[in-house]
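Heads up: the structure comes next, in structure tokens.
Every number here is computed from the coordinates shown, using simple stated rules; none is lab data. Just so it is clear, the model here is predicted, and its values are computed rather than measured. All Cβ positions, even for glycine, are placed from backbone atoms using ideal geometry, and neighbour counts span all protein chains on display.
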Amino acid sequence: MKILIWSISLTVSLFVAANASAEAVSGFSGGGYTYAPYSSPGVALLDSFYFQYTGDDHHITSLAALPQSNGQIMLALADKNNDDDYFYSVEHKRRSDSGIITGSFVDFCSGSCLYPLASPGAGYVFALRGFRFYFRSDDHHIDQIGIVRESNGVRTYFNDKNDDDAYVVYVDYAWLPSWMVERTGQLTGTDDGGGVQRAVTSADRAIISGFRVDFVSDDHHLQDVGVLTRTSDVQVYYEDHNSDDDFSYLVDYAVLW
């Protein structure tokens, strides 16, 4: 089921808590990597991301939504030529609460890999801050994209149907004190192509803890991909230009106080 987004432009908003705000960026890129100002105070917790080629669908080399330490955010949806126009929309919740632990890792992988990552202890909740994927040589059809926290580490996915192409993944994450989190949840299912909308209570206070999208049969060119937390629902997009290929999805989320 294709969900139409009438207005996906995201704007900065303030939450009730004095230590919470939001930051968003959206626009159009002429291709390759784009760097936009992104410098609000606080730890950036990934809220929503959406990328769409504005023309046809394409192979993929790079996908990124990664806040930088220099007050910018790295954005990318690209094949090997870095010359295809795309739309981007990314939002983070900014939090300045005491007790947040931040970290990052880089992994070199083919298909799917588990990066060992221990919890700092009881009473912490895992959250994503940003990510960057890229194939180390050439571009490819895509089958799976994802970052999922497991009991003994973080598993990443970036592959075509053969699972044999080397990629690099950067993951920025945070451990949130449990008192910051009202509840956690997981959405799973299969959609018949395009996008799916799932009701989530207080989705406007949710952040993304993990995600995975997976074409059910074969791999494909990519037209758009995204996970968006909205007022009362979460939307997931994954498709080529025909919007007719079944995909499965998993979204881990945390609703913040």
(Q) Can you tell me, using C-alpha contacts under 8 Å and at least 6 residues apart, the relative contact order of region 130-254 as a whole percent? (A) 31
**Q.** Equivalent-ellipsoid semi-axes of region 13-78, from the Cα gyration tensor, Å, largest first
**A.** 26, 13, 9
Q. Hey, any idea what the orientation-averaged projected area of the convex hull of the chain's Cα atoms comes to, in nm²?
A. 12.3
Q) Which value in Å is the Kirkwood Rh of region 86-189 over different Cα pairs? A) 15.3
Q.
Restricting to Cα pairs below 8 Å that are 6+ residues apart, what does the relative contact order work out to for the chain? Please round to a whole percent.
A. 22
Q) Stokes-Einstein at 4 °C, 1.567 mPa s, Kirkwood radius from Cα pairs: D for region 143-229 in µm² s⁻¹? A) 85
**Q.** Potential lengthening between Asp56 and Asn81 on full extension [0.36 nm per residue; Cα-Cα distance subtracted]
**A.** 7.6 nm
Q. Given a Förster distance of 25 angstrom, what is the FRET efficiency for Thr201 paired with Ser243, based on the Cβ-Cβ distance and rounded to 0.05?
A. 0.30
(Q) For a protection proxy built on the mean count of beta-carbon atoms within 10 angstrom, sort 140-146, 152-158 highest first, please. (A) 140-146, 152-158
Q) So what's the convex hull volume per residue for the Cα atoms of region 17-166, in Å³? A) 114
